[in-house]
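For reference, the structure is listed below as structure tokens.
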Amino acid sequence: MRVYKVKNYDEMSRKAANLIAAQIITKPDSVLGLATGSTPVGTYKYLVEKYNNGDLDFSEVKTANLDEYKGLTRESEQSYYYFMYNNLFKDINIDLNNTNIPDGTEPDSEKECARYEAVVESMGGVDIQVLGLGHIGFNEPADEFPKTTHCVDLTESTIEANKRFFADVNDVPRQAYTMGIKTIMSAKTILLLVSGADKAQILHDCLCGPIVPQVPASILQLHGDVIVIADEAAMSKF
Ligand code: GLP
């Protein structure tokens, strides 16, 4: 595990974009595992900037996102498809046919999870997986580490944390599709991005605490190639 301590959110974002850029330059048909949330927004901005400067070509890049709310359409402003399209895909030369996100409109969970798992496998797995914290994907604290893509009942605390993106707490979907721990751990490299004092405890638990399914991200201690980029506020408990 390599841990880079950086000054702030902007430095974290720039460094993350540089590492992803290096991956794409080294392997133009890389499979990028992408995340949503406020953490990777700055990273995506820097990737767009590099594309606009002529330094990056996404024409052969493929992507697989971690998760999607069950029940939301791509047009819904709170869907992760909408997020990815507006924060990254629309501004780079990626072929949208090469982008993959679980289909929130598929009501049959078993069918959608099996389909998505097969999609990730068919691409040969993820080369570099971007992750935020506390959740990795939508994996909730559980009694065992869920393996593959599955449908999750979101906990009250997740609904509370994510309600800021919705007009009303009752609009937050109660379920989501997410890659499982095995899917995430199969990525060749993991890029964990952490910013802000409110992430200090979970970052410490994740890197230094016991490896338990109640802290799903603690499993990352067992991955052979994890790069953590965390800012000073997030590192305050070390
Ligand atoms: C959601 C996403 C996670 C993400 C988390 C943190 O729960 N499903 O993948 O890591 O939010 O979000 P933020 O980066 O806004 O703190």
Study note, to complete from the structure: The relative contact order of the chain, taking Cα pairs under 8 Å that sit 6 or more residues apart, comes to a percentage of 26
Point to revise | Rounded to whole Hz, the Karplus (6.51, -1.76, 1.60) HN-Hα couplings of the range 229-238, x for glycine and proline | key: 10, 10, 8, 4, 5, 5, 8, 5, 9, 9
Check your understanding: Based on DSSP H runs of at least 4 residues, each adding -39500 (n - 2.57), what is the mean residue ellipticity at 222 nm of the chain after dividing by all its residues, to the nearest 500 deg cm²/dmol?
Key -> -9000 deg cm²/dmol
Study note, to complete from the structure: Extension length gain for residue 4 and residue 122 (0.36 nm per residue less Cα distance), in nm, is 39.3 nm
Check your understanding: How about residue 15: which lysines have a C-alpha closer than 27 Å to its C-alpha, ignoring those fewer than 8 places off in the same chain?
Key -> 5, 7, 27, 45, 50, 62, 90, 182, 188, 199, 237
Point to revise | Distant-in-sequence amide H partners of residue 65 (H built 1.01 Å from N, under 5 Å) | key: 34, 100, 101
Review point. Using the reciprocal of the averaged 1/r over all distinct C-alpha pairs, how large is the Kirkwood radius of the range 78-166 in Å?
Key: 15.1
Check your understanding: Mean separation of Cα pairs under 8 Å and 6+ residues apart, divided by the residue count of the range 129-238: what relative contact order is that in percent?
Key -> 35
Review point. Spin-label point model (7 Å from Cα, Cβ direction): what's the residue 75 to residue 142 distance in nm?
Key: 3.3
Point to revise | Alpha-carbon gyration tensor eigenvalues x 5, square-rooted, for the range 184-238, Å | key: 19, 14, 8
Check your understanding: Expressed as a rounded percentage, what relative contact order does the range 35-148 have, with Cα pairs under 8 Å and six or more residues apart?
Key -> 31
Review point. Which chymotrypsin sites (Phe, Trp or Tyr not before Pro) does the range 120-199 hold that lie in a coil by DSSP with at most 13 other beta carbons within 10 Å?
Key: none
Revision key, fill the gap. Exposure proxy check on 113, 208: fewest-to-most Cβ neighbours within 10 Å is 208, 113
Review point. Using a Förster distance of 25 Å, how high is the FRET efficiency between residue 27 and residue 238, based on the Cβ-Cβ distance and rounded to 0.05?
Key: 0.15
Review point. In Å, what is the Rg of the alpha-carbon atoms in the chain, and how long is Dmax?
Key: 16.6, 47
Exercise for review: Hey, can you grab everything whose amide H is under 5 Å from the amide H of residue 4? Only 5+ residues off in sequence or another chain; H modelled, so Pro and N-termini drop out.
Suggested key: 228, 229, 230
Exercise for review: Quote the charge dipole size of the chain about the Cα centre in Debye, to the nearest 20; the model charges only the Cβ of Lys and Arg (+1) and of Asp and Glu (-1).
Suggested key: 720
Point to revise | Intensity falloff of the range 1-87 expressed as log10 I(q)/I(0), Debye formula with alpha-carbon point scatterers, at q = 0.15, 0.17, 0.22 Å⁻¹ | key: -0.62, -0.79, -1.17
Review point. Among 51, 69, what is the fewest-to-most ranking by other Cβ atoms within 10 Å?
Key: 51, 69
Check your understanding: In 10 Å bins starting at 0, how do the alpha-carbon pair distances of the range 27-153 split up by percent?
Key -> 12, 44, 35, 8, 1
Study note, to complete from the structure: Taking a ≥ b ≥ c as the square roots of the eigenvalues of the Cα gyration tensor, with a/c under 1.5 meaning rounded and otherwise prolate when a/b exceeds b/c and oblate if not, the range 105-233 is oblate
Exercise for review: Could you calculate the FRET efficiency of residue 168 with residue 214 from 1/(1 + (r/R0)^6), where r is the beta carbon distance between them and R0 is 25 Å, rounded to 0.05?
Suggested key: 0.25
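Values in this text are rule-based calculations from the coordinates and carry no lab data. All of these numbers come straight from a predicted model, not from anything done at the bench. Counting neighbours? That spans all protein chains shown, and the Cβs are built from the backbone with ideal geometry, glycine included.
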